[in-house]
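The next block holds one structure in the form of structure tokens; read it before the comments.
The values are calculated or read from the model by the stated rules, or taken from the named source; none is laboratory data. Since we're looking at a predicted model, the values are computed, not measured. Backbone-built Cβ (ideal geometry, glycine too); neighbour counts: all protein chains shown. Areas reflect the complete protein model, heavy atoms only, side chains present, ligands, DNA and RNA absent. Shrake-Rupley method; radii C 1.70, N 1.55, O 1.52, S 1.80 Å.
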Amino acid sequence: MTATTTPYSELKAPTTARRLLTAPTTGPLAALLLACAFFSFSTDQFLTGGNFSLIVQQVMVVGTLAIGQTLIILTAGIDLSCGAVMAFGSIVIAKMAAEGSLPPLLAIGLGLAVCGGFGLLNGLLVQKIPLPPFIVTLGMLNVAFALTHIYSEEQTVTNLPGPLTALGETFPLGHTDITYGSLVTIGLFLLLAYSLSNTGWGRHVYALGNSAEAARLNGIRTSRLTIGIYTVAGLLYGIAALLLISRTGVGDPQAGQTDNLDSITAVVLGGTSLFGGRGSVLGTFIGVLIVGVFRNGLQLMGVASIYQTLITGVLVILAVTVDQLSRKKAR
Amino acid sequence: MSRTTRLSSSLLRAAAVTGVAALTLTACGSGSGSGSSSSGSGEVKVGLITKTDTNPFFVKMKEGAEKAAKENGAQLSTAAGKFDGDNAGQVTAIENMVAAGVKGILITPSDSKAIVPAIEKARAKGVLVIALDTPTEPESAVDALFATDNLKAGELIGEYAKAAMKGKTAKIAALDLAPGVSVGVQRHDGFLKGFGATEKDVACAQDTGGDQAKGQTAMENCLQKEPDINVVYTINEPAALGAYTALKAKGREKDVLIVSVDGGCTGTQAVKDGKIAATSQQYPLKMAAEGVKAVVSFAKDGKKASGYTDTGVTLITDKAQDGVASKDTAYGLENCWG
């Protein structure tokens, strides 16, 4: 059953043009550009710098979650707990800083540590017991959700100190305003994309996703690697928690309830295989933007939001279908 | 995998994704009811953001807004959260509507406090923001509020229940909404005020989220705890119908008084069928219609709506009690929503 795919890094690349055409992100990128072209013709307001800045702001939280989700899906796992873990992290940061009178930076550090801890726990359960990632993270989703509501006492945390919302502030670039948070998200995407394609760690992640057993026999410490990946993902959810606070300006216990599914949507639209070992973080960035562009563009056109859900659903099924078909051919 | 396969698969992916996207777009563009996307037509753009797309209350609100938009030559665009409480979704909707150049936004906040910073940003850009149905915290975060007086809605059924009990000792169960949600708190407090009771008189209080199945479970548990409950206050009619099912299973449906708030068509029919004794009916269609009119008038002469506008509430029952003003279910069904 195991499909034999050549890792992207080992493909021979005779010409740059050929390489660009065959990159796994080509399809999603083409879809994104066509969608942008469509909305540019349909509405006057779409093709403006301010609007693009807005779209990036709107997707930065799910985008950051989706980086962690990509890492886990590359190992043929899945993380259903990411949105709930982020929500808990955001409440910890907000309450510690606003009511616990902890210095903001310490509160942020604590939030990151809590989210990283959830990731570590996920990784340990998946690797050491071992349990299926689906079940572990489903359980953790409920644990984190409940802790969020217990700790917050169902109350939204307001009056946050400045440093907590600093990433939501903007700086001018040409005629548009960019938020610092957008830069953080883009930076994280670039960092993880580089790590995956240009480091030994990255190659090990792909090897683990293609076949954990083969990777182990080749001397990769798969157990440590897996636990590490879940922990890194957890830390990324912590950063997403901070971005969330900076965006809405409050600590909201209801946040993130569908973000786990939204992050999986982005990963799939970006061409990463749910069966592991194939895909990229940059693809996920494109996937996140596809969702953001559709939501924004349809709203500008005055199309009701339920159609955004409809279209996203169709796109996801299509993306997985194409992934499956291309695997069948490869066999 | 050979290189050619890889090439064809990624191109196939691109073609398939964009093809269906375009098809879906064309299809929904014509069916969305929000008309053409022609910009620069001089129509006033109005945005309506509800808590969800699926709750009949908000479906009716949308209908009211669409009708009013047509009558007043405005272009309506709508958006909603993915679930009740989806603040981030509503923030995104506000931003996109401001980018689309709306003159005003009508919003039913999912989270009264969390939505405030996003509303302030929109208002800073000169957009008129009116809260429908649910006030923001603080109320002054929006230009105006068009809503039911939920305290009064609760009081009406409280007064009715007191009259209907005719001096019998009451043992009250309260099927509430959720902790910290103002609508639920106000209705609950209003009921107690109208009934002349205090929190101590509530034998059993449970949260239902306004959901029928959860309402049934809550009532079953309350009956387990206090078998002789004889008055049931419910946050809305789905919760009331859940309570009715639980009572019926125990053969208690005849001797327990259920009162509720909302006035949806299913709920009003349940009053007619005698499952619910009385309900306080509110008018979402009116909230939306008044909201659209306010935005259009703001666009025409720059006059901003302000303060609180009570969109009214009526007690609906077929077993009227002396000294408590009410209308019958014929009137209720004529004016119901959903």
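So which residue, out of A:L138, A:L269, A:L164, gets the largest mean-square fluctuation from a GNM of chain A using Cα contacts under 10 Å as springs?
A:L138
Calculate one ³J(HN,Hα) per residue across the range A:196-201 by plugging θ = phi - 60° into the Karplus curve 6.51 cos²θ - 1.76 cosθ + 1.60, and present them in order as whole Hz with x for glycine and proline.
The phi angles translate into 6, 9, 10, 10, x, 4 Hz.
Beyond 19 Å between alpha-carbons counts as too far, so tell me which of B:K82/B:K293; B:K103/B:K303; B:K193/B:K250; B:K113/B:K214 fall in that bin.
Working: B:K82/B:K293 27 Å; B:K103/B:K303 12 Å; B:K193/B:K250 29 Å; B:K113/B:K214 26 Å.
Over 19 Å Cα-Cα: B:K82/B:K293; B:K193/B:K250; B:K113/B:K214.
I'd like the accessible area for B:D211, computed on protein heavy atoms only with a 1.4 Å probe and all protein chains in place. Round to 10 Å², please.
Its accessible surface works out to 60 Å², give or take rounding.
Just the accessible area per residue of the protein assembly as shown, please: how many Å² with a 1.4 Å probe?
40
Which of A:L217, A:L125, A:L112 moves the most in a Gaussian network model of chain A with Cα springs under 10 Å?
A:L217
Set the Förster radius R0 to 35 Å, insert the Cβ-Cβ distance between A:R224 and A:D44 as r into 1/(1 + (r/R0)^6), and round the FRET efficiency to 0.05.
Result of the calculation: an efficiency of 0.05.
Peptide B:92-101: average number of partner chain Cβ atoms within 10 Å per residue?
Per residue, the number of nearby Cβ atoms from other chains is 6 on average.
Give the B-A buried accessible area in Å², both sides summed, 1.4 Å probe, nearest 100.
Numbers: alone 16140 and 16060 Å², together 27050 Å².
By this definition, chains B and A bury close to 5200 Å².
Mind checking which of B:F58, B:S260, B:V98 is farthest towards the positive end of chain B's charge dipole, using Cβ charges of +1 (Lys, Arg) and -1 (Asp, Glu) about the Cα centre?
Value computed over the given set: B:V98.
Can you tell me the length gained on complete extension of the stretch A:T199 to A:F134, counting 0.36 nm per residue apart and subtracting the Cα distance?
Full-extension gain reported as 20.6 nm.
May I ask you to give the percent of accessible area on chain A that is carbon plus sulfur, with a probe radius of 1.4 Å?
67
Relative to the longest principal Cα axis of chain B, at what angle does helix B:182-195 sit, 0 to 90 degrees, rounded to 10?
20
With a 1.4 Å probe and all protein chains left in place, how much of the accessible area of the range B:208-329 comes from carbon and sulfur atoms, in whole percent?
Reported share for carbon and sulfur atoms: 48 percent.
Let me confirm one metric for peptide A:306-313, namely the mean number of other chain beta-carbon atoms within 10 Å of its residues' beta-carbons.
So the per-residue partner count for this stretch is 4.
In nm, to one decimal, how far is the modelled label at A:E153 from the one at B:A178, with both set 7 Å along Cα→Cβ?
Roughly 1.9 nm, to one decimal.
Specify the angular offset, from 0 to 90 degrees and rounded to the nearest 10, of the alpha carbon long axis of helix B:150-165 from the longest principal axis of the alpha carbons in chain B.
30
Within 10 Å of each Cβ in peptide B:143-149, how many partner chain Cβ atoms are there on average? Round it to a whole number, please.
Counting other chains' Cβ atoms within 10 Å and averaging over B:143-149 gives 0.
Suppose R0 equals 30 Å. What FRET efficiency, 1/(1 + (r/R0)^6) with r the Cβ-Cβ distance, do B:K254 and B:A205 give to the nearest 0.05? Walk me through the numbers before you get to the answer.
Details: r = 24 Å, r/R0 = 0.79.
Between B:K254 and B:A205 the formula returns 0.80.
Based on the Cβ-Cβ distance from B:K300 to B:E71, what FRET efficiency comes out when R0 is 25 Å, to the nearest 0.05? Intermediate values should be presented prior to the final figure.
Numbers: r = 14 Å, r/R0 = 0.57.
So the FRET efficiency works out to roughly 0.95.
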